[in-house]
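Here's the structure we're looking at; comments come further down.
The values are calculated or read from the model by the stated rules, or taken from the named source; none is laboratory data. Predicted model only: the values in this text are computed from it and were never measured. Every residue, glycine among them, receives a Cβ derived from its backbone with ideal geometry; neighbour counts consider all protein chains shown.
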Amino acid sequence: MRIGLVRREYITHLDGVNRFIALLYEAFEKLGHESVILSWGFYGVRKSDLPKWFKESHGLEIEPKIITLNDKSSTGNPWIRIGLDWFYKGSKLVRKLDLDVVILNGIIPLRFKPIIAVNHGIHTLRGNRFYNFIAKSLYKRADAVVSVSNRLSIELRDWGIDVTKVIALPMKLPRVNINDFTKRENVIVHVGIGDRKNPWISVKAVEILREKIKNLKLVITGGHIDIKKDFVDAVGKLGLKEYIELLSRAKALILPSSYESFSYAVLEAMACGTPVVVSNAVPEEVVVNGLNGIRVNSLDPAEYAKALENVITCEELWLRLSNNGLDFVKRFDYLKVAEEYLNLIYEIEA
């Protein structure tokens with residue numbers, strides 16, 4: 001089977017959507033199917049270097065086939081141009097490639113069937129009324145709509161979009177030595193700098209906790225942010241290897257998000273044996289309170305400080321969350337997730 005994996009905007013974003021695309025690509029290839037990654041644009045990397053860069057950035061074993069609609073590097077999100085390029089150039093391209101199915105990540109006006117539209121979060125539909133109208137119309141034209149979590153599927157249905165199936169994010173377990181409690185550093189990791197990621201809550205929570213644990217540090221990754229605190233290390237976006245190494249030496253991950261449809265950061269922390277402290281925005285199917293993480297029903301930094309203190313000062317609790325997280329994350333094996341998508345494709349074609 002020939003499968004197209006589409007990124008609406010930039011294949012060079014270091015984010016969860018491109019991680020999803022990367023892992024599905026490799027899984028489909030391992031299962032004997034031919035895949036190609038299609039993207040509107042790229043930046044920061046020469047076009048000829050995209051396959052090698054993408055492989056290294058996402059920890060793949062093979063270099064993927066990547067085709068972009070634009071030949072030159074670009075920036076920004078000119079939505080009208082992006083839509084028109086997919087409608088004309090993208091539609092022509094997918095027909096030329098003789099694909100059997102296209103899996104969209106970010107809805108676009110692509111003249112092709114069958115299409116599986118994957119929604120990674122309802123926040124992308126909270127634009128202006130015109131954008132919402134167009135997006136809903138395109139979702140309704142898709143042959144199947146996939147939600148990455150049960151909570152998100154409810155949100156989508158409330159928004160007027162019928163969900164065909166819920167399929168979790170694919171996860172490839174990193175090859176990493178799991179450090180035990182005594183070998184961990186007094187480091188807390190926060191991932192993401194956008195408004196809904198609430199990095200300042202993490203800063204304040206760690207600042208509060210430092211009154212008891214003087215050498216505690218906070219490392220913020222996921223983008224550039226200017227924070228002038230001596231206990232905060234803002235490291236920007238890390239490559240996968242450096243990111244996994246960071247999680248593997250940290251005592252905990254903090255994620256006080258206002259919105260999450262799923263969360264690669266949580267799965268990646270669990271895969272490194274690192275306990276997680278998250279907001280109730282993270283779906284319950286990802287973090288079960290007291291089993292594989294701690295949920296905080298608040299955006300109050302003091303509540304996160306208290307939860308972090310309990311986790312990083314109690315070795316018994318830390319070990320329980322760490323071990324349970326390692327077991328829990330195995331259910332998201334990327335080959336199993338890819339098989340779910342293949343079964344959906346077969347259902348559509350039947």
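Starting from residues that are among the small types (Gly, Ala, Ser) and in contact with a Lys or Arg (Cβ under 7 Å, 6 or more places away or on another chain), keep the ones in segment 217-267 and report whichever is nearest to residue 201 (Cα to Cα).
Filtering first and then ranking leaves 257.
So, residue 253, is that one surrounded by 15 or more Cβ atoms within 10 Å (Cβ to Cβ), out of contact with any Phe, Trp or Tyr (no Cβ under 9 Å at 6 or more places or on another chain), assigned by TED's automatic domain parsing to the domain that holds residue 221 and not aromatic (Phe, Trp, Tyr) or not?
Taking the combined requirement at face value, the residue satisfies it.
So which residues in segment 90-140 are of a type in the set (Gly, Ala, Ser), crowded, with 21+ Cβ neighbours inside 10 Å and touching a helix residue (DSSP H, G or I) at 6+ places or on another chain (Cβ under 9 Å)?
Once the filter is applied, which keeps residues that are of a type in the set (Gly, Ala, Ser), crowded, with 21+ Cβ neighbours inside 10 Å and touching a helix residue (DSSP H, G or I) at 6+ places or on another chain (Cβ under 9 Å), segment 90-140 yields only 117.
Tell me whether segment 23-32 contains one or more residues that are more than 29 Å from residue 191 (Cβ to Cβ), of a type in the set (A, V, I, L, M), modelled with pLDDT of 95 or more and surrounded by fewer than 20 Cβ atoms within 10 Å (Cβ to Cβ).
Looking through segment 23-32, at least one residue is more than 29 Å from residue 191 (Cβ to Cβ), of a type in the set (A, V, I, L, M), modelled with pLDDT of 95 or more and surrounded by fewer than 20 Cβ atoms within 10 Å (Cβ to Cβ).
Out of 188, 161, I need the residue that is under 29 Å from residue 12 (Cβ atoms), part of a loop (DSSP other than H, G, I, E, B) and in contact with a Leu (Cβ under 9 Å, 6 or more places away or on another chain). Which one?
After ruling out the rest, the residue left standing is 161.
Specify which of the listed residues (44, 90) is over 19 Å from the mean Cα position of the chain (by Cα), outside the structural domain of residue 266 (by TED's automatic domain parsing) and over 20 Å from residue 113 (Cα atoms).
On inspection, the qualifying residue turns out to be 44.
Tell me the residue from 247, 218, 169 that is in a strand (DSSP E or B) and either under 14 Å from residue 277 (Cβ atoms) or touching a residue at least 24 places away in the same chain (Cβ under 8 Å) (or both), please.
Being in a strand (DSSP E or B) and either under 14 Å from residue 277 (Cβ atoms) or touching a residue at least 24 places away in the same chain (Cβ under 8 Å) (or both) holds for just one of 247, 218, 169, which is 218.
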